[in-house]
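Taking it in order: structure first as C-alpha cells, then the write-up.
The values are calculated or read from the model by the stated rules, or taken from the named source; none is laboratory data. Every value quoted in this text rests on a predicted model; they were computed, and no experiment measured them. Ideal geometry is used to build each Cβ from the backbone, glycine not excepted, and the neighbour counts take in all protein chains shown. All accessible areas refer to the heavy atoms of the entire protein, side chains included, with ligands and DNA or RNA removed. Shrake-Rupley method; radii C 1.70, N 1.55, O 1.52, S 1.80 Å.
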Amino acid sequence: DSHMMPGIQCSHVSFNFWADPPCECSAMSVSGSLMQNCETNEDFHRQFAPIRAQFLAPVLFLHITGYRGCNPSDIDLRAIGELSKLRSLSLQTVFANEIPTEWGNLQNLQSLLLDRPRQLWRLNNEAVEGMEMLDR
C-alpha cells in the first residue's frame, strides 16, 4: 500500500538492489485535507515528522497541500532543506513568511512551485543562491 498514513502517500517507489532498504520512496504527496484529526500546525507536524525522519531523505519530488489550519509548521518547512536529493518541490495553500534559509541546501532543486502570492513568500536571497540548479 502506497499510503504511509492518511494524507501521506508515496506516489512513486524506486528500487535499488544495493540500497538498504532496497525500496525507497522517490515521490511523496502530503495532503492536509486527508490527514485525520489535523486542525493545527502542531497536528500536521505530529503526523508528518516521523514519516519525514524515516522516509524523506531519498525523495526527489515532494508535493504538500495545506488545508485550513492543517499546514506544515515552520519546523517542517525548515526541515525540507535537509532533503539534498530533492529535485521538485510544490507547495499549495501553504502559508509561510519567507523561504527558509535552510532551503539553500537544496542544490539539486530544479522546480519550485509556490501558489501563495509572492509577498507571503518573501524570497530569501541566501536560500535562493544555494539552489544552484533552479531556473531563474
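Computed quantities for the displayed model
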item	result
For the chain, the longest site-free run once GluC sites (Glu not before Pro) in DSSP loop states with at most 15 other Cβ atoms within 10 Å are removed	40-131
Heavy-atom surface of the chain, accessible at 1.4 Å and reported per residue (Å²)	58
Apportionment of accessible area to carbon and sulfur, the range 1-131, percent (1.4 Å)	50
Relative frequency of Cα-Cα separations exceeding 23 Å in the chain, percent	30
Candidates per trypsin sites (Lys or Arg not before Pro) in the range 26-135, loop by DSSP, up to 12 other Cβ within 10 Å	Arg68, Arg118
Contact order relative to length of the chain, as percent, for alpha carbon pairs under 8 angstrom and 6 or more apart	18
Radius of gyration and maximum dimension Dmax of the range 39-92, Cα, Å	10.7, 30
DSSP bridge orientation in the range 1-89 - percent antiparallel, rounded to nearest 5	60
Check: the chain dipole with +1 on Lys, Arg Cβ and -1 on Asp, Glu Cβ, in debye	260
